[in-house]
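The values are calculated or read from the model by the stated rules, or taken from the named source; none is laboratory data. Note that the coordinates shown come from a computational prediction; the quantities given were computed from them, not determined experimentally. No Cβ is skipped: glycine too gets one built from the backbone with ideal geometry, and neighbour counts run over all protein chains shown.
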Amino acid sequence: MDPVKILKRAWHILWNYRALWVFGLILALTAAGSSGGSGNNGARFNAENNNQQYQVPLPEDIREAFREAGKAIEKVFEEGLPALDISQGELTALLWIAAIFVLVMVVLGVVMAIARYVSETAVIRMVDEYEATDTKLSVRQGFRIGWSRTSWRLFLINLIVHIPVILLLVVMGVAGLVIYRMAASQGGNFAVAGIVGIIGVVFLAIFVVVIVSIVLGLLRHFFWRVSALEGVGVGESLRRGFALVRENWKNVGLMWLVMIGLGIAWALVSIVLFILTVPIVAVTAILGALVAAIPGLLLVGLFSLFLSGYLPWIAAGVFVLPLFFVIAFLPWGLLTAWQQVFASSVWTLTYREIKALPVQLPETEIGPVGD
Amino acid sequence: MSDHILELIGAYLDGELHGGQLRQVETHLDECQSCREEVQSLQALSTALQAAPLPDFPTPERLAAEVALRLPRTPVKPMSRRALEVGWWLAPVGLILVWIFLSTTLLIGNVVTITNQIGLLNGTVTQLVPDAPIGTYWSGTLGQFGLLTGASLQWAGMTEAFTRTTLPPIIWQVSIALLYLSWMAIWWARHTLQGLGQPFDSGSRPTVN
């Protein structure tokens, strides 16, 4: 397998198969965040005023605090918020609007998840089809081949791959609770030793789970492609994908190392590109503001029936803000879309190359003739 | 009779014809000199082949071994060369592990510092986490000597605090990234120039016997 040839081919597909960009854009909007880095920029927290000794609240204090908070909420519902000039009726309306907003966001989240997995399936199958028959599918055809049971399987595979992360969160939550209890109830060296021990366990858990997640993330490329291109179920995809990677671990490992290097290079290049495209983003931001203003004004009119003053504007702004962001940051979304399509194409081509490779027999080393 | 039965002669000689087809062939052979000669010719060939000694076909295992002997050989590499190769491929993996280790350390350190500073740990880890803000020693000293005052002292303090806190993680992350990119650039160059680049094959060109 020649990784450079695969990269060149993926580059060619990226620029010559524009229908993929649409799916890449959907992936950029729905999946890019979940496949990114940790987001830790390395900045350390530095409090200015930390000479004060804080007292850990005891459980009875917490109960008292909850009681007081409950009373305060009751009072707010009875009297409204006089300080902000919000009446009781407006407060109720605001809460309903907030509930509707949450509902809309949940529905949007489900729609985005569906769009993501349909697009993942479509990109994998479109690239495979292009390689096999040199046929370019249209966006409509892409949606048709993406809209299948396979996209559901891709979701399930992704869920299984993320199980270690979920377990880590549980471990960390339990560890955090234990640390808090130890610090609150016991003092002295015992608590310190316990906390140090738990920090060590959490460190180890994070370290191991990050490595496991990286390996599973790599395997996921093949699980997905087995499922999408061979049309098999989740269990069979996991089994075949794992077997495929195990048999070709050198080729897969090399491709993975190369892709990590390209990811680093892309991170550096994208900083420059993001800065260079700021003027374009400024233009799309104006466009986004104009487009979002139409539904925004309609919502302001609707909310004015229940709210007064500046409240309808704020509520409508919260609703149309996602639309504004999508349009405003479209140029940056397109950059991420290209990255998504390129990466997906590389892994699809790698999968095809590996499948085409003959089964390797155990290599025997032969000494030079005449020795 | 013009309809010869040449296409059926093979099956006839192998005893695969039955019923009407067999009778048709036999009747035709009684009448047709040409087909009879063809049958005799094929029978003679079959007899000759059966009489000939069988060629000495090797067993599948032997054939595989002989083919393996003719395949390009991988020369035995010295131990030092092998170690170098393994090291070359482990270098990027090591960089990734170092990056994960340092990031995890930083994350844990930040979480412990924040939880301690907001008082959730009841001050039990003050021995481990510095309670005081990051010092601005150099700018402070310059200020004491009156070399920096007012806004310039404030700027110097902020710069020093930034250098001490934010800069180190950025530096080590950029360093790891640059080392990784260097490894990749070398790999790419080797691949392009020499056609190498597969894991554990560096420097060993196959030789055909």
**Prompt:** within 11 Å of another protein chain (Cβ to nearest Cβ) and assigned to a helix (DSSP H, G or I): does that describe A:L229?
**Reply:** no
**Prompt:** Looking at segment B:158-177, is at least one residue surrounded by 12 or more Cβ atoms within 10 Å (Cβ to Cβ), at pLDDT 75 or above, of a type in the set (F, W, Y) and farther than 30 Å from B:G87 by Cβ?
**Reply:** yes
**Asked** Among the numbered criteria (1) modelled with pLDDT under 85; (2) more than 14 Å from chain B (Cβ to nearest Cβ), which single criterion is violated by A:A285?
**Response** (1)
**Asked** Would segment B:55-68 turn up any residue that is under 28 Å from the mean Cα position of the chain (by Cα) and within 30 Å of B:Y180 (Cβ to Cβ)?
**Response** no
**Message:** Out of A:L238, A:L305, I need the residue that is more than 14 Å from chain B (Cβ to nearest Cβ) and over 30 Å from B:L95 (Cβ atoms). Which one?
**Reply:** A:L305
**Asked** Do we have A:M259 as in a helix (DSSP H, G or I) and either at pLDDT below 90 or in contact with a helix residue (DSSP H, G or I) (Cβ under 6 Å, 6 or more places away or on another chain) (or both) here?
**Response** no
**Prompt:** Which one of the conditions (1) more than 21 Å from A:V346 (Cβ to Cβ); (2) surrounded by 11 or more Cβ atoms within 10 Å (Cβ to Cβ); (3) modelled with pLDDT of 90 or more does A:I86 fail to meet, given that it meets all the rest?
**Reply:** (3)
**Request:** Consider only pairs whose beta carbons are under 6 Å apart and that are at least six residues apart or on different chains; among these, list those whose first residue lies in segment A:259-281 and is more than 14 Å from chain B (Cβ to nearest Cβ) and whose second residue is among the aliphatic types (A, V, I, L, M).
**Result:** A:L273/A:L335
**Request:** Quickly run through segment A:203-219 and pick out the residues that are more than 11 Å from chain B (Cβ to nearest Cβ) and within 16 Å of the chain's Cα centre (by Cα).
**Result:** A:L216, A:G217, A:L218
**Message:** Based on this model, can you work out whether A:L168 counts as buried (at least 17 other Cβ atoms within 10 Å of the Cβ) and either at pLDDT 85 or above or part of a helix (DSSP H, G or I) (or both)?
**Reply:** yes
**Flag for A:A175 being closer than 23 Å to B:G109 by Cβ and free of Cβ contacts under 8 Å to residues at least 12 places away in the same chain** = no
**Request:** Of the conditions (1) modelled with pLDDT under 90; (2) more than 7 Å from every other protein chain (Cβ to nearest Cβ), B:A185 clears all except one; give me its number.
**Result:** (1)
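Okay, residues lined up against (1) surrounded by 18 or more Cβ atoms within 10 Å (Cβ to Cβ); (2) closer than 30 Å to A:G89 by Cα:
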{"residue": "A:P279", "(1), (2)": "no, no"}
{"residue": "A:P295", "(1), (2)": "no, yes"}
{"residue": "A:L307", "(1), (2)": "yes, yes"}
{"residue": "A:A315", "(1), (2)": "yes, yes"}
{"residue": "A:L323", "(1), (2)": "no, yes"}
{"residue": "A:V326", "(1), (2)": "no, no"}
{"residue": "A:G333", "(1), (2)": "yes, no"}
{"residue": "A:Y351", "(1), (2)": "yes, no"}
**Request:** For segment A:121-128, state whether one or more residues are in contact with a strand residue (DSSP E or B) (Cβ under 9 Å, 6 or more places away or on another chain) and over 16 Å from A:L29 (Cα atoms).
**Result:** no
**Request:** Could you pull out the residue among B:G119, B:G123, B:G146 that is farther than 26 Å from B:A91 by Cα, in contact with a Phe, Trp or Tyr (Cβ under 6 Å, 6 or more places away or on another chain), part of a loop (DSSP other than H, G, I, E, B) and modelled with pLDDT under 85?
**Result:** B:G119
**Asked** more than 22 Å from the chain's Cα centre (by Cα) and more than 30 Å from A:W15 (Cα to Cα): does that describe A:L302?
**Response** yes
**Complete:** Filter segment B:66-118 for residues that are more than 29 Å from A:L257 (Cα to Cα) and exposed (fewer than 12 other Cβ atoms within 10 Å of the Cβ); the one that is nearest to the other protein chains (Cβ to nearest Cβ) is B:L69
